[in-house]
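The values are calculated or read from the model by the stated rules, or taken from the named source; none is laboratory data. Keep in mind that what you see is a predicted model, and the values were worked out from it rather than measured. Neighbour counts run over all protein chains shown; Cβ positions are idealised from the backbone, glycine included. The area values use the complete protein model at the heavy-atom level, side chains included, leaving out ligands, DNA and RNA. Shrake-Rupley method; radii C 1.70, N 1.55, O 1.52, S 1.80 Å.
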Amino acid sequence: MKHFITLDEISPADIRRLLAASVALKKRRSRRGGAGDVLKGATVALLFEKPSLRTRVSFEVAITKLGGHPVYLGPTEVGLGKRESVADVARNLGRWVDAIVARTFRHETVQELAQESGVPVINALTDREHPCQALGDLMTILERFGPLKGRAVAFVGDGQNNVSHALILGASKCGMHMRVACPKGYEPAAAVLESAKTAAASSGGSIRIVNDPKTAVSGADAVYTDVWISMGFESESESRRKAFAGFQVNSALMALAKKDAIFLHCLPARRGEEVTDDVLDGPQSAVLDQAENRMHTAKAVLAALMAPKVFAKI
Ligand code: CP
Ligand code: NVA
């Protein structure tokens, strides 16, 4: 693994290793550092074009706990592609820092940062994919239910957003049964589906796209939703609210899932829109475990890319 940009490029074995390391690091969290001084002397740039709470804080804390130093560059600072070209920013950063964690609008921007910087690049969310989120999601399902193979996950909402895409790719590599319920016109990208189908064929998993949330949720182990209006899609707010009106996760929909099913959401949530308060705050909700697990998985990804020898022993 040179970069962590898309789960398309991470093998099922590497996903399993990252998850196992994340679980091990979580167990050691009481000890300062957890994985020793894996990043001692290293500096990691956090280059963000969009706002963030979980991703920024979990990475800053993970880097600090591993002995490294984060440098945060927010949406108003660099002018990526405006004040300076993406390639020029990448070439400069590559001379100072040891890795780049980047949150961008265009997926191609993260790819270009990887190509031009000469240092490992981690995708902290693009319009196409949010692989760090999917890793935290899979870890949360793993710690609740044990082995992922055979588990059914229902994603209800915007099938073509970054969180849906990453989960589809990750789940299909882990032998899970992924069901996506979305309105017509909001289906996952064809390339993501094709890749997921190929992965599922060899992992024993499956992927199904439906337009009825009830069909997707019936008998599921985990029910997942995300905002209807992702960052950057604000101009489509009105049409999206109309299209997604029947796609709210509420207690009536949750009742169709398995009795011990969990509710997942990457957060931030728009309460009362894609999810009701009683589900988000209810006993089946695992959203805060998910948020916590972002930090443990961030540590694992950083170690895998920046200190592979130490990572192999975690
Ligand atoms: N889930 C997630 O990525 O949250 P932030 O946008 O707050 O980082
Ligand atoms: N799909 C959401 C995820 C936020 C973590 C967005 O892109 O805004």
Förster radius 22 Å - calculated FRET efficiency between GLU143 and ALA13, Cβ distance, rounded to 0.05: 0.65
Carbon/sulfur fraction of accessible area - the chain, other protein chains in place, 1.4 Å, %: 52 percent
Fluctuation leader among PHE59, PHE145, PHE263 - the chain, Gaussian network, Cα springs under 10 angstrom: PHE145
Rounded accessible area of LYS149 (nearest 10 Å², 1.4 Å probe): 140 Å²
Accessible-area order (highest first, 1.4 angstrom probe) of the listed residues THR109, THR64: THR64, THR109
Karplus-derived 3J(HN,Hα), 6.51/-1.76/1.60, for each residue of the stretch 91-103, Hz, glycine and proline x: 5, 5, 4, x, 7, 10, 10, 9, 6, 10, 9, 10, 10
Stretch gain in nm, segment GLU234-VAL310, where the contour uses 0.36 nm per residue and the Cα spacing is subtracted: 23.1 nm
Cβ-placed point charges (K, R +1; D, E -1), dipole of the stretch 1-102 about Cα centre in debye, nearest 20: 620 debye
Normalised contact order of the chain, rounded percent, pairs of Cα under 8 Å and 6 or more residues apart: 20 percent
Net charge, VAL227 excluded, C-beta distance under 10 Å - Lys, Arg +1, Asp, Glu -1: -2
Packing-based ranking, highest mean first, of 78-86, 155-163 given that Cβ atoms within 10 Å are counted: 155-163, 78-86
Qualifying lysines (Cα of each under 23 Å from Cα of LYS259; at least 8 residues distant if same chain): LYS149, LYS214
Estimated distance in nm for a label pair at ARG106 and LYS2, the labels positioned 7 Å out from Cα along Cα-to-Cβ: 2.1 nm
Options ILE141, VAL156, THR109, ranked by Cα towards positive dipole end of the chain, top entry (Cβ charges): ILE141
Segments 173-186, 205-218, 279-292 sorted - mean Cβ within 10 Å per residue, highest first: 173-186, 205-218, 279-292
Inter-probe distance in nm under a simple model that places probes 7 Å from Cα toward Cβ, at ALA87 and ARG208: 4.8 nm
Length-normalised contact order for the stretch 68-197 - Cα pairs under 8 Å, 6+ apart - percent: 18 percent
Distance from the stretch 151-189 to the stretch 253-314 (C-alpha centre basis), Å: 15 Å
Accessible surface, per residue, of the chain when the full set of protein chains is kept, probe 1.4 Å, Å²: 42 Å²
Spatially proximal aspartates and glutamates relative to LYS26 (Cα-Cα < 14 Å; intrachain offsets below 8 disregarded): GLU143, ASP289, GLU292
Degrees, to the nearest 10: 190-203 long Cα axis against longest axis of the chain: 90 degrees
Computed Rg/Rh of the stretch 13-135, alpha carbon atoms with Kirkwood Rh: 0.97
Average Cα contact separation per residue, the stretch 186-271, under 8 Å, 6 or more apart, as relative contact order %: 37 percent
Lys, Arg +1 and Asp, Glu -1 on Cβ, resulting dipole of the stretch 120-271 about Cα centre, debye, nearest 20: 440 debye
